[in-house]
Amino acid sequence: MAEAAGVSQATVSFVMNGRHLNRITDHTRGLVLRTAKELGYVPSASGRTLKSGRSNVVTCIVPDMRPSEAVEVFKRALSGALANAGYACVFVHPAAGLDVAADLWKYLEPCAVVGLDKLGTEDARRLRDAGTPVVDGLLLPGDEQIIDQHEIGALQMRHLAALGHRQIAYAASDEASEDLVTDQRIAGARDACEKLGLPEPRIVRLGYTPESARDAVIQLTDGAAPASAVAVFGDVLALALLAAARARSVAVPADLAIIGVDDIPLAALSVPPLSTIAMDLSGAAHALAHHLTHLIQTPEVAPPAFHAGALSVIDRQTA
């Protein structure tokens, strides 16, 4: 392969094993990878693992959360970005009794471990002691958060307030598995209302059923001080509220403005089309992959910081 690409065997080895890539130009790396593809070369994963003591597998630990479009977008983008750098990404949903550190090493021998939630202190220590880079807490506040969840709730409130709404509620998921994200968004909504001089938002909890959405609409629109607008945890719940409002002859947005989060494909197809918050999860995933490749390939050099994905209001017709 080195002869076909017109480079040294060492260069081929560096590229195929993901080592010392800071010394190799993008042109040379692309040339080697194209030549490998043309020749049908597939490196031996077991041989590479035996030589280096670990695989080219990045393991991503996913907490027990309801499956969502947003998480799937992030997973696909991270897998693609890491594949372009020569790594496979394996997603693990820990079951009860899993010893994360020991079992990951036993079955995968990962070159890096990523956690959407925080890994246990002992798990993280054992992995790092073994020389495995760990980047965790990606859904939690901090320098390594991929999306600013607090800002999502605040952005929803600022958008609704700019439209003239003062009695604004927040519709949160009632599933405990989503509290990791829900609590941050509620805090952001409350902080934004305080800064804007608005009443504290009323919190309404609802589940993923028509009956729950109906009850939430009743809570939002009945009483002495009905909400004129509601920021919703996610688009699926926002669409459920939209359907329940229509069934109760509550006009959207005239009687109740609604804004969701995620910008799922169905958001643009609802009647009326759903206003929402879009998250640049693809950009966040690519930045994380770049950060990880530096940690793996040049552990002695401080990796580039990665920033939370951008947020934007998709202003349609429900708010």
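Read the figures in this text as sums done on the coordinates, not as results from a lab. All figures in this text were calculated on a predicted structure; none of them were measured in a lab. For neighbour counting, all protein chains shown are included, and Cβ atoms are generated from backbone atoms with ideal geometry for every residue, glycine included.
Basic side chains Lys and Arg get +1 at the Cβ, acidic Asp and Glu get -1 at the Cβ, and with that the dipole of the range 108-219 about its Cα centre reaches some 520 debye.
To the nearest 10 degrees, how steep is helix 69-84 against the longest Cα principal axis of the chain, on a 0 to 90 scale? It is inclined by approximately 20 degrees.
Each Cα pair under 8 Å and six or more residues apart adds its sequence gap; the mean of these over the residue count of the chain is a relative contact order of 16 percent. Ranked by the mean number of other Cβ atoms within 10 Å of their residues, highest first, the peptides 213-226, 76-89 come out as 76-89, 213-226. Where both residues lie in the chain, what percent of DSSP beta bridges are antiparallel, nearest 5? Counting DSSP beta bridges with both partners in the chain, the antiparallel share is about 15 percent. Of the labelled figures (i) -0.57; (ii) -0.51; (iii) -0.46, only one reflects log10 I(q)/I(0) by the Debye sum over Cα atoms at q = 0.09 Å⁻¹ as derived from the coordinates, namely (i).
In straight-distance terms, cross-link reach from residue 118 covers every one of the aspartates and glutamates whose alpha-carbon lies under 19 Å from its own, apart from those fewer than eight places away in the same chain; here that gives 64, 99, 103, 129, 136, 143, 144, 148, 178, 179, 183.
For the range 149-280, the equivalent ellipsoid derived from the alpha-carbon gyration tensor has semi-axes of 19, 17, 15 Å in decreasing order. Excluding residues fewer than 8 places away in the same chain, name every one of the aspartates and glutamates whose C-alpha is closer than 19 Å to that of residue 37. Output for residue 37: 3, 26. When the chain is described by a simple charge dipole with +1 on each Lys and Arg Cβ and -1 on each Asp and Glu Cβ, the residue from 284, 8, 112 located farthest towards its positive end is 8. Relative to the longest principal axis of the Cα atoms of the chain, the long axis of helix 26-39 makes an angle of roughly 80 degrees.
Computed from Cα atoms, the angle from the helix 149-162 axis to the main principal axis of the chain rounds to 40 degrees.
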